[in-house]
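K.L.:
Take a look at this one; I'll ask things after.
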Amino acid sequence: MIEFELIEGPSGVPIYYQRLPVNTVSLSWLMFVGSADDDAAGGHGIYHWFEHLPSRGTEKYPGGYRDTEARLVRHGGGGDAETGHTHTAFSANIPKRVWPDALDVLTDMISRPLLRTADIEAEREVILQEIDEWHSAPYTQSMCHLPGVLWPGHPLGHDQLGTRASLLAMSPEQLRHAHTSGYSRNRSALFVAGDIDRSQLLDVAAQCIDRMPNTNLSPRPRPAQHGQLPRWNAGGTTTIDSPHDDSVVYLLFPVPGFVGGVDPLLQWDFVANVFEAGELGSPLSRLVREDSRLAYSPEFISTTNPDGGYAGLVAQTSVHPDRVLDAFWKLIQSDELRSGDWLEYVRDTIRGSIEMHDPDACDYTEEASASLIHYGTCVADHTYASAMLGYSDHQIAQSLDLLTPSTAHAIIFRGTK
């Protein structure tokens, strides 16, 4: 069961620690700086660079990929990095015997990337290829444009990648300034799972944290707020022409921010299960895919941030988008979703997934760090189970009844090719 202990680490850095009887040690170091900080630091997409550039060399490990991530791969492990709206995550999964070395590599990648001009120019070409790849498919391109449709003019109102134009305009000096102005030890949290001693963890962490920048920036032990979101386009439909054959249809509803606590967000998690439990046998897949044959992989999606987010249904389709929207509404208003038999089935899937949460260091750090990002707090399995299995049929029916045309924002990326 996931149950991380929160330790006040050296220099006040929060360390989330769970000892597990496994041979793998999993590390996830979150920096609470992301694409929502882009505009203040130099432009759309600037913080996404730091998911990439550290692999090309750091002060202690200047030799590029073979000197950074390949050190982890050598031992059968690996490293990864990702950029979100409110965070950048650096992770490693390695054998227990080399975990201090892995934390040392992550520390230097976070804290002391060399940001050499030649490396920046080389990585610029890589990121341009990444942008082109995302924009080459209907669904992923729609995901890039969606934040700007929902939250125009807000720090959350753009994707993490940036555009070709913004990327080409960024100079090495801007990137160095962005790292200095955003990265500090007081904006981080470290997750560690594995069979390591607590005192050894604190000793190794102290040596690593001491190398991190200690800049006088506002502390962020969790995702930061960036201001009130623009007014939700309740009851509206936005149609955007897309240069693809297929259309992508969204039917979204507003989700509250962190100010209301974790319970309203967990209730949205239960609602997601109401639509998707049972995989291909789920109500969503049966109606939209199997019975109506309108889309191959309809989904229930959600995004949460301290300032708020969204949740709802999405599908890529080759048929007229209105047919998909009609199917979504038919599903939302159906009696099946509210039936006692179906809601008990949903609870069984949740109960079983928690019961099968056997010790897995990689899975544990991934899920625990994700809960801090998406809920603003690290949610233990027992807390999650108590909440998710505690919602009554009546409470869930009330939540579903709030999904009405007057609260929804339908967004259609209409294929025109």
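K.L.:
Residue pairs, Cβ under 7 Å, 6 or more apart or interchain, first in segment 276-293 and in contact (Cβ under 8 Å) with a residue 60 or more places away in the chain, second buried (at least 18 other Cβ atoms within 10 Å of the Cβ). List them.
P.N.:
Correct list of pairs: A277/V346.
K.L.:
What number goes with the only condition from (1) among the aliphatic types (A, V, I, L, M); (2) in contact (Cβ under 8 Å) with a residue 24 or more places away in the chain; (3) in a helix (DSSP H, G or I) that A370 does not pass?
P.N.:
So A370 meets the others, but not (2).
K.L.:
Looking at (1) surrounded by fewer than 19 Cβ atoms within 10 Å (Cβ to Cβ); (2) assigned to a helix (DSSP H, G or I), can you tell me which one D38 breaks?
P.N.:
Condition not satisfied by D38: (1).
K.L.:
Out of segment 390-408, which residues are closer than 16 Å to R351 by Cα and buried (at least 17 other Cβ atoms within 10 Å of the Cβ)?
P.N.:
Y391
K.L.:
Are there any pairs with C-beta distances below 8 angstrom linking a residue in segment 123-151 that is without any contact (Cβ under 8 Å) to a residue 24 or more places away in the chain to a residue that is surrounded by fewer than 18 Cβ atoms within 10 Å (Cβ to Cβ) and among the β-branched types (V, I, T), with the two at least 6 apart or on different chains, and if so which?
P.N.:
That search, which allows pairs on different chains as well, returns E133/T140.
K.L.:
Name every residue in segment 79-109 that is of a type in the set (A, V, I, L, M, F, W, C) and more than 19 Å from Y17 (Cβ to Cβ), in order of residue number.
P.N.:
Those that are of a type in the set (A, V, I, L, M, F, W, C) and more than 19 Å from Y17 (Cβ to Cβ): A81, V105, M109.
K.L.:
Next question, about the same structure. Pick from segment 78-101 the residues that are in a strand (DSSP E or B) and among the small types (G, A, S): which of them is surrounded by the most Cβ atoms within 10 Å (Cβ to Cβ)?
P.N.:
Of everything passing the filter in segment 78-101, A92 is surrounded by the most Cβ atoms within 10 Å (Cβ to Cβ).
K.L.:
Provide a single number: the residues in segment 102-122 that are assigned to a helix (DSSP H, G or I), surrounded by fewer than 17 Cβ atoms within 10 Å (Cβ to Cβ) and in contact (Cβ under 8 Å) with a residue 12 or more places away in the chain.
P.N.:
Qualifying residue count for the region: 2.
K.L.:
When you go through A370, A327, A361, A387 one by one, which is the residue that is in contact with a strand residue (DSSP E or B) (Cβ under 7 Å, 6 or more places away or on another chain) and either of a type in the set (A, V, I, L, M) or surrounded by fewer than 16 Cβ atoms within 10 Å (Cβ to Cβ) (or both)?
P.N.:
Details: A370 fails: in contact with a strand residue (DSSP E or B) (Cβ under 7 Å, 6 or more places away or on another chain); A327 fails: in contact with a strand residue (DSSP E or B) (Cβ under 7 Å, 6 or more places away or on another chain); A387 fails: in contact with a strand residue (DSSP E or B) (Cβ under 7 Å, 6 or more places away or on another chain).
One residue alone meets the criteria, A361.
K.L.:
Moving to a separate point now. Quick one: which of W342, W329 is assigned to a helix (DSSP H, G or I), within 30 Å of I240 (Cα to Cα) and among the hydrophobic types (A, V, I, L, M, F, W, C)? Spell out the reasoning first.
P.N.:
On the way: W342 fails: within 30 Å of I240 (Cα to Cα).
Answer to the check: W329.
K.L.:
Going by what's in this entry, would P155 be described as at pLDDT 95 or above, under 18 Å from the mean Cα position of the chain (by Cα) and part of a loop (DSSP other than H, G, I, E, B)?
P.N.:
In short, yes.
K.L.:
Is there a residue being outside any helix (DSSP H, G or I), at pLDDT 95 or above, surrounded by 13 or more Cβ atoms within 10 Å (Cβ to Cβ) and under 21 Å from the mean Cα position of the chain (by Cα) anywhere in segment 198-215?
P.N.:
Scanning segment 198-215, I find no residue that is outside any helix (DSSP H, G or I), at pLDDT 95 or above, surrounded by 13 or more Cβ atoms within 10 Å (Cβ to Cβ) and under 21 Å from the mean Cα position of the chain (by Cα), so the answer is no.
K.L.:
If you don't mind, another one. From P230, P243, which residue is within 30 Å of I396 (Cβ to Cβ), surrounded by fewer than 17 Cβ atoms within 10 Å (Cβ to Cβ), at pLDDT 95 or above and not aliphatic (A, V, I, L, M)?
P.N.:
P230
K.L.:
Going by the conditions given, is P223 assigned to a loop (DSSP other than H, G, I, E, B), under 21 Å from the mean Cα position of the chain (by Cα) and not assigned by TED's automatic domain parsing to the domain that holds Y47?
P.N.:
Yes: the conditions hold for P223.
K.L.:
Out of all the residues in segment 20-33, which are more than 12 Å from S181 (Cα to Cα), touching a Ser or Thr at 6+ places or on another chain (Cβ under 8 Å) and part of a loop (DSSP other than H, G, I, E, B)? Can you show your working first?
P.N.:
Residues of segment 20-33 that are more than 12 Å from S181 (Cα to Cα), as a first pass: 20-32.
Next cut, touching a Ser or Thr at 6+ places or on another chain (Cβ under 8 Å) only: 26-32.
Result: F32, single match.
K.L.:
Next up: For segment 1-19, how many residues meet the condition of being in a loop (DSSP other than H, G, I, E, B) and surrounded by 17 or more Cβ atoms within 10 Å (Cβ to Cβ)?
P.N.:
4
K.L.:
Restricting the search to segment 208-241, which residues are closer than 16 Å to P147 by Cβ and in contact with a strand residue (DSSP E or B) (Cβ under 8 Å, 6 or more places away or on another chain)?
P.N.:
Matches in segment 208-241: W232, N233, T238, I240.
K.L.:
Enumerate the pairs (first residue in segment 70-98 and modelled with pLDDT of 95 or more; second residue anywhere and aromatic (F, W, Y) and assigned to a loop (DSSP other than H, G, I, E, B)) with beta-carbon separation below 8 Å, excluding pairs fewer than 6 apart on the same chain, so at least 6 apart or on different chains.
P.N.:
Every condition considered, the pairs that remain are T83/Y47; T86/F32; H87/F32; T88/Y47.
K.L.:
Additional query: How about segment 158-173: which of its residues are assigned to a helix (DSSP H, G or I) and crowded, with 16+ Cβ neighbours inside 10 Å?
P.N.:
Those that are assigned to a helix (DSSP H, G or I) and crowded, with 16+ Cβ neighbours inside 10 Å: S166, L167.
The values are calculated or read from the model by the stated rules, or taken from the named source; none is laboratory data. Nothing here was measured: the structure is a model prediction, and the numbers come from that model. Note that each Cβ is placed from the backbone with ideal geometry, even for glycine, and that neighbours are counted across all protein chains shown.
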